[in-house]
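**Student:** Quick one: the structure is below, and I'll ask about it shortly.
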Amino acid sequence: MSGAGRRAVAVTGLGSCGPGGVGVPALWEALGGGRAHRPPVTEFDVAGATLGAAGRVPSPVEGGGEWRALDLAGAAVREAVDGLDADGLGRVALVLGTTDPGAVPPLPGRFPGDLAAACAERTGLGGEAVTVANASASGAAAVAVARDLVAAGDAPAAVAGGADAVTDLALLGLNSLRTLGPEGCRPFSSRRRGIGLSEGAAVLRLQPLDTAAPGTVLAVLAGCGLTNATGHLAAPDPAGIELAVRLALTDAQLTSDEVDFVNAHGPGTRRGDTAEVTALRAVFGDRLPSVPVNSVKGVLWHLQGGAGAVEAVTCVLSLVHRAVTPTWGAAPVDPAFDDLDLVLEDRPRPVPGLRTALSVSCGLGGMNTALVFRRP
């Protein structure tokens, strides 16, 4: 949807659960302090895997436990819609991204894996329910889809994000692709060798800016860009990432000079980090060294379909707090990335002038999504 004449969309609520804890305050504390829950995997055999641990939610979440992704999504959605009455919930659309097509059982009259429909039924949301599957960019793509629904007037409000559980299919499948690293995610580090897998969910509540109650607007979702561009299933294409970022900036009616912070996909893979930085250099040029860049995967590891969503939540929190959290695990930084300002402090860095944030998400098969947030 073109930015010209489009209704502005505000972020008015957030929800999160993951290795950093349950709830958005726990997420911000974990990102600032570099602490997360990553115990050994015990529910299936990982003897042949490069990495035998995974990121887990450290405390219980409401649900039956049989369908973990649904329980995680429900916890995040309930936090994001806290305070809405039944009438309000009945009009809210739900758009959720996931990488697992078997995440939930089929409901009567539904297809298997319809995570959004199952979660809407569980949490009382009565608007349209859409499930998005765009690999690791699923959560960010879901946010973009929901933004367009709200901006076009097809939904008066929406909750959007992503959720995934740690399964044998996901962990052992990535291990077979030689994607897991023995130390988990080490974004931009000379020691990076792959990713660590995590469970979790994160969502944003969206509504038209002109209908938001005073004091409820956390940020404005100003621009979205999506591409499907690669020449190889597992090797990202810098040109596809660059195009997604440029589309998001054009959609937001902003230039790269107006971006104050970049939350990178930053998985900690050799090819992934290199392709993303190549794209960012093309977009920002000589200005890139002056733009703070971080990746949250050094703390949370990779939340799969929830990764882009939790990173979108992180961008909003950075705008609210006017601070950028560190890129844990990056040291020692690969000399190829010496031009990046990777925020290597051991606490959030205050950025008083922070007004605009860019989040980049990349998935297998060239599924790239970029989101632009700005302060209201």
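The values are calculated or read from the model by the stated rules, or taken from the named source; none is laboratory data. Please read all numbers here as calculations on a predicted model, not as lab measurements. Every residue, glycine among them, receives a Cβ derived from its backbone with ideal geometry; neighbour counts consider all protein chains shown. Accessible surface areas use protein heavy atoms only, side chains included; no ligands, DNA or RNA. Shrake-Rupley method; radii C 1.70, N 1.55, O 1.52, S 1.80 Å.
**Student:** Given region 210-306, what helices (runs of 4 or more DSSP H) lie entirely inside it while holding 2 or more residues that are of a type in the set (S, T, N, Q) and under 30 Å from Pro182 (Cβ atoms)?
**Tutor:** Because the criterion is at least 2 residues that are of a type in the set (S, T, N, Q) and under 30 Å from Pro182 (Cβ atoms), the helices (runs of 4 or more DSSP H) in region 210-306 that meet it are 270-284.
**Student:** I need the full set of residues from region 1-28 which are hydroxyl-bearing (Ser, Thr, Tyr) and in a loop (DSSP other than H, G, I, E, B), in order please.
**Tutor:** Residue satisfying the conditions is Ser2 alone.
**Student:** Restricting to region 352-368, name every residue that is open to solvent by 10 Å² or more (accessible area, probe 1.4 Å), over 19 Å from Phe284 (Cα atoms) and in a loop (DSSP other than H, G, I, E, B).
**Tutor:** Pro352, Leu364, Gly365
**Student:** What's the number of the condition Leu371 fails, among (1) of a type in the set (A, V, I, L, M); (2) open to solvent by 50 Å² or more (accessible area, probe 1.4 Å); (3) under 17 Å from the mean Cα position of the chain (by Cα)?
**Tutor:** (2)
**Student:** Glu345 is checked against (1) over 21 Å from Glu276 (Cβ atoms); (2) in a helix (DSSP H, G or I); (3) open to solvent by 10 Å² or more (accessible area, probe 1.4 Å) and fails just one. What number does that condition carry?
**Tutor:** The failed condition is (2).
**Student:** Step by step: first the residues of region 29-69, then only those that are in a helix (DSSP H, G or I) and of a type in the set (A, V, I, L, M), then the one that is surrounded by the fewest Cβ atoms within 10 Å (Cβ to Cβ). Which residue is that?
**Tutor:** So, considering only residues that are in a helix (DSSP H, G or I) and of a type in the set (A, V, I, L, M), the one surrounded by the fewest Cβ atoms within 10 Å (Cβ to Cβ) is Ala30.
**Student:** Would you mind stating whether Val77 is open to solvent by less than 20 Å² (accessible area, probe 1.4 Å), β-branched (Val, Ile, Thr), in a helix (DSSP H, G or I) and touching a strand residue (DSSP E or B) at 6+ places or on another chain (Cβ under 8 Å)?
**Tutor:** Yes: the conditions hold for Val77.
**Student:** What are the pairs with Cβ atoms under 8 angstrom where one residue, in region 350-362, is under 18 Å from Ser295 (Cβ atoms) and the other, located anywhere, is in a strand (DSSP E or B) and among the charged types (D, E, K, R)? Sequence gap at least six, or different chains.
**Tutor:** Ala357/Arg374
**Student:** Another question, if that's okay. How many residues does region 143-183 hold that are open to solvent by 20 Å² or more (accessible area, probe 1.4 Å) and assigned to a loop (DSSP other than H, G, I, E, B)?
**Tutor:** Adding up the residues that qualify gives 10.
**Student:** Right, here's the next one. So for region 184-193 (the condition being within 19 Å of Gly63 (Cβ to Cβ), in contact (Cβ under 8 Å) with a residue 12 or more places away in the chain, in a loop (DSSP other than H, G, I, E, B) and not β-branched (Val, Ile, Thr)), does at least one residue qualify?
**Tutor:** No, region 184-193 has no match at all.
**Student:** Can you work out which of the residues in region 212-260 that are open to solvent by less than 70 Å² (accessible area, probe 1.4 Å) and of a type in the set (D, E, K, R) is modelled with the lowest pLDDT?
**Tutor:** Among those residues, the one meeting the criterion is Asp237.
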